[in-house]
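Okay, structure first, notes after.
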Amino acid sequence: MAKVATTVSESIAVPRAAMYAWLVPRVFATELDTVLRDEAGLPGVTRTTGTTGPWDVAGSTRIVHLSDATFCRETVKVATAPDYFAYRLTDFSSRMIQLLVREANGQWWFTDEGAGTRAKWTYTAESRFFIATPILVPVIRILWRRYMRSAMGRIKARAEREVVAGKAFMGVSG
């Protein structure tokens, strides 16, 4: 079936290794609800349950619960510190999403940008049926993109505040 994707990127004034170490095994693992909030008419994350392993290890899974009382299964596909993180969403409890989406995939790339990091996030929804594609295009490319931009803004603000050149997270004083 058809795939509908959108991408956002942001320059974050935190070194790449520290950024990845803060974001993937910490924020994505245990604080997802702090960055994926209700936005653009879409539900935010309220909690995760049933995590099967460290969130920076391929194959780890969990259930992601949303503010509209729905949930889905998330699986880590690839975690290659400090460069790349990919995940897959399946088993959607929302009947509407079940009708439209077979699965969704997220990919994060982290590259050096001066003394900081360029974080790029691509989200791709694979339609269940060809007829679902015209519905998915505006949802993913407009609403979901707004959702992603908002989340990326929260990530940037928190990272630049909490990961002071990697020192705060890495346990180095100074």
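Of note:
- Test: R149 is of a type outside the set (S, T, Y) and not in a strand (DSSP E or B): yes
- Residue check: A115 meets all listed conditions (1) modelled with pLDDT under 95; (2) surrounded by 16 or more Cβ atoms within 10 Å (Cβ to Cβ); (3) among the small types (G, A, S) but one, namely (2).
- Total residues in the stretch 124-148, condition surrounded by fewer than 20 Cβ atoms within 10 Å (Cβ to Cβ), farther than 18 Å from Q98 by Cβ and of a type in the set (S, T, Y): 0
- From T122, T61, T70, residue being within 24 Å of G153 (Cα to Cα) and at pLDDT 95 or above: T122
- Check on W121, touching a Phe, Trp or Tyr at 6+ places or on another chain (Cβ under 8 Å), closer than 22 Å to L99 by Cα, buried (at least 16 other Cβ atoms within 10 Å of the Cβ) and of a type outside the set (S, T, Y): no
- Taking the criterion of being among the aliphatic types (A, V, I, L, M) and closer than 18 Å to V57 by Cα, the only residue of the stretch 87-118 that qualifies is L89.
- Matching residues in the stretch 24-78 - criterion: being closer than 20 Å to E103 by Cα and of a type in the set (D, E): D68, E74
- Considering residues of the stretch 119-138 that are under 17 Å from the mean Cα position of the chain (by Cα) and not acidic (D, E) only, the residue farthest from A151 (Cα to Cα): A125
- Filtered residues of the stretch 82-112 (kept if open to solvent by 40 Å² or more (accessible area, probe 1.4 Å) and either of a type in the set (A, V, I, L, M) or on the phi > 0 side of the Ramachandran plot (or both)): D91, M96, I97, L99
The values are calculated or read from the model by the stated rules, or taken from the named source; none is laboratory data. Keep in mind it's a predicted model, so treat the numbers as computed, not measured. Cβ: placed from backbone, ideal geometry, glycine included. Neighbour counts: every protein chain shown. Side chains are part of the model used for accessible areas, which takes the heavy atoms of the whole protein and leaves out ligands, DNA and RNA. Shrake-Rupley method; radii C 1.70, N 1.55, O 1.52, S 1.80 Å.
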